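Take a look at the structure set out below.
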Amino acid sequence: MMRQLTRAVAAAAVLFAAPARATAQTFPTDDPVIRRIYALGMDSSQTMRLSQVLFDSIGPRLIGSASIKRGNDWLLKTYASWGIEAKNEQFGTWRGCRRGYSHIDLVEPRVRSLEGTMLGCSPGTNRKDLTASTIILPRFADSSEFVRWLPTARGKLVLVSAAQPTCRPREDWQANATPESKVRMDSLRAQVQREWGGRNVRGTGYSLAIGTGELGVRLEEGGVAGVVTSRPKDAWGTYEIFSTYNKRAPAIALSCEDYGLLFRLTENNQGPKLRLNLDAELLGERPAFNTVAMIKGTEKPDEYVMLSAHFDSWDGSSGATDNGTGSVTMLEAMRILKQVLPQPKRTILVGHWAGEEEGIVGSKAFTEDHPEVLKGLQALFNQDNGTGRIVRMGAAGLPNGAEHISAWLARLPAEFKSQINFGGAGFPSGGGSDDFAFACSGLPAFGLGALGWNYGNYTWHTNRDTYDKVVFDDLKSNATVTAMLAYLASEDPVMITRERVDLAA
């Protein structure tokens with residue numbers, strides 16, 4: 001009985017531990033390169049090791065920061081260890097900054113450490129305590145009223161965001177509230193956002209943009225001690241962290257709960273004071289780089305297949321799923337390709353872009369600096385929407401591109417092909433990521449759309465975008481699929497033509 005039980009347990013362990021393997025029937029062709037890519041990508045994946053170094057050790061990668069330069073140099077070293085030629089290409093300069101620690105404490109009317117952090121490129125407090133009372137940005141009829149109010153904010157921390165009436169996600173209200181209670185809360189949420197944006201912020205004549213924007217600069221000019229923001233997501237414990245252009249007055253982001261606490265104390269005249277101790281440094285103009293790596297083509301070296309992912313991130317967390325996972329996908333795909341296809345027909349490039357978060361500036365610069373790549377581009381594959389497996393593709397308005405992609409997808413293992421919804425010629429990217437820098441010139445640039453994994457609420461631009469959110473089974477699948485697509489595009493005997501769909505028809 002014990003022997004039978006032991007065997008049963010052992011069999012179960014094998015069943016649950018063994019990864020799903022592609023069987024002979026799942027490969028639609030006998031292409032040995034596809035099979036080798038599968039074996040390297042699914043059985044010998046390096047995605048976990050690469051992710052740990054990038055997300056944990058290097059960390060967030062705000063353009064202009066010391067950490068993104070460390071990341072660029074790590075990419076060079078990693079590619080060199082695989083025998084792949086790579087270089088950092090400077091495309092301009094960007095304001096530089098160094099983020100250190102953020103200590104934020106409520107000291108009156110009671111003592112409590114608050115959950116929050118500096119905005120990107122915020123000035124610090126010179127590692128000294130800054131203690132100040134708070135004031136709420138009031139409602140203004142017009143900008144002249146704001147100017148008259150500004151002296152009252154001198155030396156204070158100004159709360160410039162709406163306080164949410166609830167920090168519970170909508171799904172929690174949907175699951176538990178009475179219908180009447182949910183309707184009231186939905187109405188209150190909408191009212192708060194409408195009134196705050198329309199009467200408080202817009203009434204100043206300045207914009208908050210993504211962070212503190214023009215309003216933060218104007219408040220700083222008025223002598224405020226600092227600016228306090230909150231941009232909670234519709235999820236437990238997550239909030240967005242962007243940047244500030246302030247040079248003296250620190251700007252911080254607080255969690256929904258702690259911002260609400262501070263707002264209520266201030267609104268009810270209960271004398272709140274914060275103590276900030278923020279370590280940060282503004283570094284002036286710094287070089288900005290894209291990291292570009294290459295496996296040189298043999299028969300058609302002046303034609304290109306390009307892998308694409310932005311390397312920069314906001315710096316409130318680790319930049320794991322936005323867009324560290326896209327970066328690791330392309331890095332791992334190049335590792336695989338170097339082993340299985342050291343002499344491709346077409347040149348295979350990868351671009352790790354800086355400045356996507358600021359308006360795809362790095363990839364735009366590449367298109368301006370490398371007309372030869374644009375002329376000879378066979379296909380570009382870009383990934384930038386989280387850790388999930390690739391489930392969507394379109395052909396950026398190119399009918400011939402759709403024909404090629406359909407043929408390439410047909411040669412993928414069935415478990416990969418079946419999960420990808422291919423939309424045909426479709427439309428160009430909406431402009432949200434770096435493929436648009438190429439697609440807007442009519443080039444065959446294709447986005448690899450990922451399964452959501454609640455990306456928008458939990459990790460996108462938030463304080464929770466960390467290593468532990470990565471779904472490594474999906475990540476290694478993505479790197480494998482990307483390597484297969486790059487191989488098929490490189491070896492395709494026919495070049496994709498640039499005729500476009502008449503979208504107005």
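Each reported figure results from applying straightforward, stated rules to the coordinates on display, with no laboratory input. Since the structure is predicted, the reported quantities are computational estimates derived from the model, not experimental observations. Glycine also receives a Cβ, built like all others from the backbone with ideal geometry; neighbour counts cover every protein chain displayed.
Lone cysteines in the chain, defined as no other cysteine's Cβ under 4.7 Å from theirs: which are they?
If one checks each Cβ against the other cysteines of the chain, C440 turn up with nothing under 4.7 Å.
Restricting things to alpha carbons, find the Rg to Rh ratio for segment 97-283 using the Kirkwood radius for Rh.
With Rg and the Kirkwood Rh in hand, the quotient comes to 0.97.
Sort all Cα-Cα distances of segment 125-233 into consecutive 10 angstrom bins from zero, then give the percent of pairs in each bin up to the one containing the longest distance.
Per 10 Å bin, starting at 0, the Cα pair percentages come out as 13, 39, 26, 16, 5, 0.
With a ≥ b ≥ c the root eigenvalues of the C-alpha gyration tensor of segment 391-469, is it rounded (a/c under 1.5), prolate (a/b larger than b/c) or oblate?
It comes out oblate by the Cα gyration axes.
List L208, L282, L219 from most exposed to least, where exposure is judged by having the fewest other Cβ atoms within 10 Å.
Lowest to highest Cβ neighbour count: L282, L208, L219.
Indicate the gyration tensor shape class of segment 41-126 (rounded, prolate or oblate), computed on the Cα atoms with a ≥ b ≥ c the square roots of the eigenvalues: a/c under 1.5 is rounded; otherwise a/b larger than b/c is prolate and the rest oblate.
In terms of gyration-tensor shape, oblate.
Expressed as an acute angle from 0 to 90° and rounded to the nearest 10, what is the orientation of the C-alpha long axis of helix 399-409 relative to the principal long axis of the chain?
Once rounded, one gets 70 degrees.
Can you pull the percent of Cα pairs in the chain with separation above 41 Å?
Across the chain, Cα pairs with separations above 41 Å total 30 percent.
Treat the count of other C-beta atoms within 10 Å as a stand-in for reagent exposure and order D30, D315 from fewest to most.
D30, D315
What percent does the relative contact order of segment 97-283 come to when contacts are Cα pairs within less than 8 Å and at least six residues apart?
That works out to 44 percent.
What FRET efficiency comes out for R112 versus D279 if R0 is 22 angstrom and r is the Cβ-Cβ distance? Round to the nearest 0.05.
In this case the efficiency is close to 0.55.
With the cut-off at 1.5 for a/c, could you classify segment 461-505 from its C-alpha gyration tensor as rounded, prolate or oblate?
Note, shape of segment 461-505 comes out oblate.
Tell me the relative contact order for the chain as a rounded percent, counting alpha carbon contacts under 8 Å between residues six or more apart.
21
For a quick check: with amide H placed at 1.01 Å from N, whose amide H comes under 5 Å from L377's, ignoring anything fewer than 5 positions away on the same chain?
Hits under the 5 Å cutoff: Y304.
Find the centroid of the Cα atoms in segment 439-503 and in segment 86-135, then give the distance between the two in whole Å.
Segment 439-503 and segment 86-135 have Cα centres spaced 33 Å from each other.
Treating the angle as unsigned and between 0 and 90°, give the value, to the nearest 10°, between the Cα long axis of helix 66-81 and the longest Cα principal axis of the chain.
Taking the Cα atoms of the chain, the angle to 66-81 is about 10 degrees.
Could you compute the net charge surrounding G351? Neighbours are other residues with a C-beta less than 10 Å from the C-beta of G351; K and R count +1, D and E count -1.
Here the charged neighbours net out to -2.
Can you give the FRET efficiency to the nearest 0.05 for T131 and D172, using r as the Cβ-Cβ distance and R₀ = 35 Å?
E between T131 and D172, to the nearest 0.05, is 0.45.
If one takes the longest principal axis of the Cα atoms in the chain, at what angle in degrees, from 0 to 90 and to the nearest 10, does the Cα axis of helix 472-491 lie?
Between the helix axis and the principal axis of the chain, the angle is about 50 degrees.
Any idea what the dipole of segment 281-370 comes to, in debye rounded to 20, about its Cα centre with Lys/Arg Cβ at +1 and Asp/Glu Cβ at -1?
Here the size comes out at about 680 debye.
Can you compute the modelled spin-label distance between S57 and S406, with each label point 7 Å from Cα toward Cβ, in nm?
About 4.7 nm, to one decimal.
What span do the alpha-carbon atoms of segment 229-365 cover on each of the three principal axes, reported in whole Å from largest to smallest?
Extents along the principal axes: 75, 35, 22 Å.
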